[in-house]
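Here the structure is laid out as structure tokens; the discussion comes afterwards.
The values are calculated or read from the model by the stated rules, or taken from the named source; none is laboratory data. This structure is a prediction, so every number in the text was calculated from the model and none was measured. Please note: Cβ atoms are built from the backbone with ideal geometry, for glycine as well, and neighbour counts cover all protein chains shown.
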């Protein structure tokens, strides 16, 4: 199903028979990663709100006394607006993801959403953040996604057969997530190591 060699894709049938199911490691928790880039994005939004107010208030055309609104009132409004905006953004970012054999539990600050594995169209690991927004648009038209690109390197897109039960996040344990939720190679340790040399009877004689 992958249309780009940079993406790793797992369908529902693969997820139901992945390495983690075979090794019985589920339920397992993966913590959401909030990168410095995402924190910088939130700081930029806050800075933009206050900067816009300062520039607009002190423009010569307007004048500092027009409108009957004091600068302190505008700052108070900016504080309230910024807090509400950041709160809404952080509410949409999951805190952790729990994988069970038959479902994913997406845990937010105030709620937990359950996504049955059988309802999944695919789980896609996107390796370049600059492509994420565009790919969501043309790969999954008409679907609503919860979450933000909290890591600007690799993110996970969870796509279900529902219009709204779809998610976008990044986890700290990205390599473990892929090892657990992708099919295990037909190798002894499941991590790509070479097969041991076969014992040949009589070779030590």
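Name the residue, out of 49, 25, 21, that is farther than 30 Å from residue 100 by Cβ and at pLDDT 85 or above.
Details: 25 fails: farther than 30 Å from residue 100 by Cβ; 21 fails: farther than 30 Å from residue 100 by Cβ.
Only one candidate passes the filter, namely 49.
Within region 106-115, does at least one residue satisfy the condition of being modelled with pLDDT under 65, within 22 Å of residue 32 (Cα to Cα), in contact with a strand residue (DSSP E or B) (Cβ under 8 Å, 6 or more places away or on another chain) and surrounded by 15 or more Cβ atoms within 10 Å (Cβ to Cβ)?
no
It is to be established whether one or more residues within region 2-12 are out of contact with any strand residue (DSSP E or B) (no Cβ under 6 Å at 6 or more places or on another chain) and at pLDDT 85 or above.
Just the residues of region 2-12 that are out of contact with any strand residue (DSSP E or B) (no Cβ under 6 Å at 6 or more places or on another chain), to begin with: 3-6.
Still in the list and also at pLDDT 85 or above: none.
Checked region 2-12: no residue is out of contact with any strand residue (DSSP E or B) (no Cβ under 6 Å at 6 or more places or on another chain) and at pLDDT 85 or above.
Just checking, which of 43, 97 is surrounded by fewer than 13 Cβ atoms within 10 Å (Cβ to Cβ) and closer than 22 Å to residue 168 by Cβ? Reasoning before the result, please.
Values: 97 fails: surrounded by fewer than 13 Cβ atoms within 10 Å (Cβ to Cβ).
That would be 43, the only listed residue that is surrounded by fewer than 13 Cβ atoms within 10 Å (Cβ to Cβ) and closer than 22 Å to residue 168 by Cβ.
What is the residue count in region 172-184 for residues that are crowded, with 21+ Cβ neighbours inside 10 Å and at pLDDT below 90?
The number of residues fulfilling the criteria is 0.
If you check residue 125 against the conditions, is it modelled with pLDDT of 85 or more, crowded, with 19+ Cβ neighbours inside 10 Å and in contact with a helix residue (DSSP H, G or I) (Cβ under 7 Å, 6 or more places away or on another chain)? Reasoning before the result, please.
Details: modelled with pLDDT of 85 or more: yes; crowded, with 19+ Cβ neighbours inside 10 Å: yes; in contact with a helix residue (DSSP H, G or I) (Cβ under 7 Å, 6 or more places away or on another chain): yes.
Yes; evaluated as a whole, the condition is true for this residue.
Take the residues in region 136-148 that are outside any loop (DSSP other than H, G, I, E, B) and within 24 Å of residue 39 (Cβ to Cβ), then tell me which one is modelled with the lowest pLDDT.
Let us first name the residues in region 136-148 that are outside any loop (DSSP other than H, G, I, E, B), namely 136-139, 145-146.
Then keep just the ones that are within 24 Å of residue 39 (Cβ to Cβ); that gives 136, 145-146.
Working: 136: 55, 145: 86, 146: 84.
Going through the qualifying residues, I end up with 136.
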